[in-house]
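The values are calculated or read from the model by the stated rules, or taken from the named source; none is laboratory data. The model shown is predicted, which means the values in this text are computed figures rather than measured ones. Positions of Cβ are backbone-derived with ideal geometry, glycine not excepted, and every protein chain shown enters the neighbour counts.
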Amino acid sequence: MSAAGLGQPPTGYERLTGSERSPRPGYRAVGPAQADEQVRVVVKVRPVTPPPDPAELGALRPSQRPAPATHGDHTARHGAAQADVDAVVAFAREHGLAVEEADAASRLVVLTGTVDAMSRAFETTLERYEPEDSSVHHHPYRGRIGHVHVPAHLEPVITALTGLDDRRQLRPRPLMTRTAPDVRYAPSDLAQIYDFPAQLDGSGQTIGLLEFGGGFQNADLDVFFEQMRLPRPSVTPVSVDGTPNAPGSEADGEVVLDIEVAGGIAPGAAIVVYFAQFTDAGWVEALTKAIHDRRHRPSVISISWGWSELERLGQFAWTRQVLDEVDTVLKEAANLGITVFVAAGDDGSTDGLSDGQLHVDYPSSSAYVTGCGGTTLHARNGARRSEVVWGDGTRAQGGGSTGGGVSDFFPVPAWQTTVQRQRSGMAGLIGRGVPDVAAVADARTGYAQYMDGQWFTDGGTSAVAPLYAGLVARCNQQLASSGRRVGYITPLLYGGLGASDAFHDIVRGSNATLPSQPHAYAAHAGWDCCTGWGSPNGARLLGRL
């Protein structure tokens, strides 16, 4: 194996900060990647000035905040310098790489070339990795170890370089079942139970959905909305990196669930579905392009995909450059008045890892999103009868539980110090607590879904994120008359909104999935690591906003 990426940088080169990679646990290198294999690399370039930290807005309501920045204002202040973009482009062309796009506004440069050209340009070695246990169905990938190297003058310019490694970095959350559920809720049922403002339907707003594979069929959506007696919202697929709307895979359930929940809650809103690869490059590019989409201009984004922060104890699944760059992009979203909701995961307090520790899911653990946990809901005649933490083991055990806990990577945000700190399962570190809010996720008391000509019952926290996206689209419809949006709502939750009558506090149940810690985490009065501040009382939330 070549030492490229592991040893000292070549003359004139520097290690790209935060780019270090390790092999995925349970995989081994089986040989070099094919030299003429085509590679697509996504590069992010530093901003002229970093976007302001949205946490500085504190607990200000939308009416008290400055109006969101326009895309033009944001580009002028926080886009990339054209000279920096040009420097990256010049380097790429010197090394025989094609420049697919170079956009200073979104700080994005996309390069294509062969494995051989990419390896020489970035002084790294690309190999093929396969699972050590061939009897287990895992996905082989093209990968690298160590750092990526760039010329010394580009090291401070490039904030992230992704795509050389194409391991799966995101997974969907659907829990579809054909079995008879205890309860199956239509969107209109949940809008009534959670008291969403009935006079609003999201008109004039756009909901962005990030999807990483799979697709939808318009015929299924036609049947769903007709049977639900709802107007059929406009649904527009957007290919971010050449990934099409391609129904026919295991990811379809996620895509269709997101559309039907968001559209069922806010049928007056336009829905834009951004399709990308399920790699870290696809994740960075999809988020960047959705937030900087000047054509569709989403005011709220829902993300139902994720991956554990760690792959095993002490080994992060994500490179630091991706975590840091995505946080910058999410600050840009807040600056533009875009709300981002993310599913907290469906594997309880361990997030599906078997290392005997407690973990949370990323990107729900970012401080610049609103993490969405799950409940088990029973209602009658449009009124809530009971609602508890969704806790039924892990998906591997045939059940599912809301994700939640304490980040091993992100520190406690200043606005979250107001709630009781709970210790993580990793050396007693203190970090960002997840989730922030919750709603029904248990598939036994789940969501009606129509796909492939059949009715299903679906659930998971992947349904909660688009539910809240639909609610915020309704709220933004009302706030638009004063030129305001809900925007970055998370600090506001911890500044009094979460503890108000805008949320129904969930005080029973646990998402514990670690036998050695059967009470971590348990619900209690106020914020907790199972359901955050609880489930929504929509009309009261709008009133307080």
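Within the range 83-95, residues that are over 17 Å from Leu108 (Cβ atoms) reach partners that are part of a helix (DSSP H, G or I) and among the hydrophobic types (A, V, I, L, M, F, W, C) with beta carbons closer than 9 Å, at six or more positions or on different chains, in the pairs Glu94/Ala121; His95/Ala117; His95/Met118; His95/Ala121; His95/Phe122.
Thr375 meets all of the listed conditions (1) buried (at least 24 other Cβ atoms within 10 Å of the Cβ); (2) not in a strand (DSSP E or B) but one, namely (2).
The set of residues from the range 66-91 being among the aliphatic types (A, V, I, L, M), surrounded by fewer than 16 Cβ atoms within 10 Å (Cβ to Cβ) and more than 18 Å from Thr288 (Cα to Cα) comprises Ala67, Ala83, Ala90. Yes or no: Trp307 aromatic (Phe, Trp, Tyr) and in a helix (DSSP H, G or I)? Considered against the rule, which asks whether it is aromatic (Phe, Trp, Tyr) and in a helix (DSSP H, G or I), Trp307 comes out as no.
When Ser188 is tested against (1) part of a loop (DSSP other than H, G, I, E, B); (2) over 23 Å from the mean Cα position of the chain (by Cα); (3) hydroxyl-bearing (Ser, Thr, Tyr), just one condition goes unmet, and that condition is (1). Inclusion of Leu60 among residues that are touching a helix residue (DSSP H, G or I) at 6+ places or on another chain (Cβ under 6 Å) and either among the aliphatic types (A, V, I, L, M) or not assigned by TED's automatic domain parsing to the domain that holds Asp241 (or both) is not warranted.
Which residue pairs have Cβ atoms under 7 Å apart, sit 6 or more places apart or on different chains, and have a first residue in the range 498-509 that is more than 13 Å from Val419 (Cβ to Cβ) and assigned by TED's automatic domain parsing to the domain that holds Trp527 and a second that is among the hydroxyl-bearing types (Ser, Thr, Tyr) and not in a loop (DSSP other than H, G, I, E, B)? Correct list of pairs: Phe503/Ser535; His504/Ser535; Ile506/Thr375; Ile506/Ser535.
Residue check: Ala512 meets all listed conditions (1) at pLDDT 95 or above; (2) in a loop (DSSP other than H, G, I, E, B); (3) crowded, with 19+ Cβ neighbours inside 10 Å but one, namely (1). Evaluating Asp222 against the criteria (1) in contact with a strand residue (DSSP E or B) (Cβ under 8 Å, 6 or more places away or on another chain); (2) assigned to a helix (DSSP H, G or I) leaves one unmet condition, (1).
Would you confirm, using the coordinates I've provided, whether Pro47 is under 30 Å from Gly483 (Cα atoms), modelled with pLDDT of 95 or more and in a loop (DSSP other than H, G, I, E, B)?
Criteria met by Pro47.
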